[in-house]
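Worksheet: the structure to be examined is printed underneath.
FYI, it's all coordinate maths here, none of it is from the lab. All values derive from a computational prediction rather than experimental measurement. Backbone-built Cβ (ideal geometry, glycine too); neighbour counts: all protein chains shown.
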Amino acid sequence: MAKYVVALASQIPPGQCKIVSAAGREIGVYNIDNAFYALVNRCPHEGAAVCRGDIVGRPDSDMPGTYRLIQRGEMVRCPWHGWLFEIKTGQSWCDSATRARSIPVVVETGEALTRGLFQAETVPVTVEDRYIVLEF
């Protein structure tokens, strides 16, 4: 499986989305309370750029005429038809059989990314009375 470095974590503030390109696809990377999630930027309903939609909460109601927003900042609303998708899972709240494609996100340090498969042999170095001494 290929790895794609797409952004610094600091470039995506909490509550925001950054649209990036990887493997020829647009991907929306979201920061929800400093945890990162990604969705393919294509609505499974009719193909809209779903990640360009508003980040919202999900309405919930106990009875007709009243509602409250739950999961604030955890849903994206498709800009074409208003379908709601849970950012963490891609699950549609308009059609239980529909799901936006989610992609696993890993946050790694720069050091971990620069490490290669091979490591050069190292040799201990000391300075004794201003002479450089290699030990091997």
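Order these by the 10 Å Cβ neighbour count, fewest first: Cys78, Cys51, Cys94. If I rank by nearby Cβ atoms, fewest first, I get Cys94, Cys78, Cys51. When you work out D = kT/(6 pi eta Rh) for the range 9-134 at 20 °C and 1.002 mPa s, using the Kirkwood radius from C-alpha pairs as Rh and the Stokes-Einstein form, the result is 123 µm²/s.
For the range 15-25, the Karplus equation 6.51 cos²θ - 1.76 cosθ + 1.60, evaluated at θ = phi - 60°, returns couplings of x, 10, 10, 10, 8, 10, 10, 8, 6, x, 10 Hz by residue, with Gly and Pro reported as x. In terms of surrounding Cβ atoms within a 10 Å radius of their Cβ, Lys3, Lys88 rank from fewest to most as Lys3, Lys88. Using alpha-carbon pairs under 8 Å, 6+ residues apart, how would you state the relative contact order of the chain in percent? Value for the chain: 16 percent. Charge tally for Ala38 (other residues, Cβ to Cβ under 15 Å; Lys, Arg +1; Asp, Glu -1): +4.
Residue order for Met63, Met75, fewest other beta carbons within 10 angstrom first, comes to Met63, Met75. Taking amide H as placed 1.01 Å from N in the peptide plane, the amide H of Arg101 sits under 5 Å from that of Val40, each at least 5 places away or on another chain.
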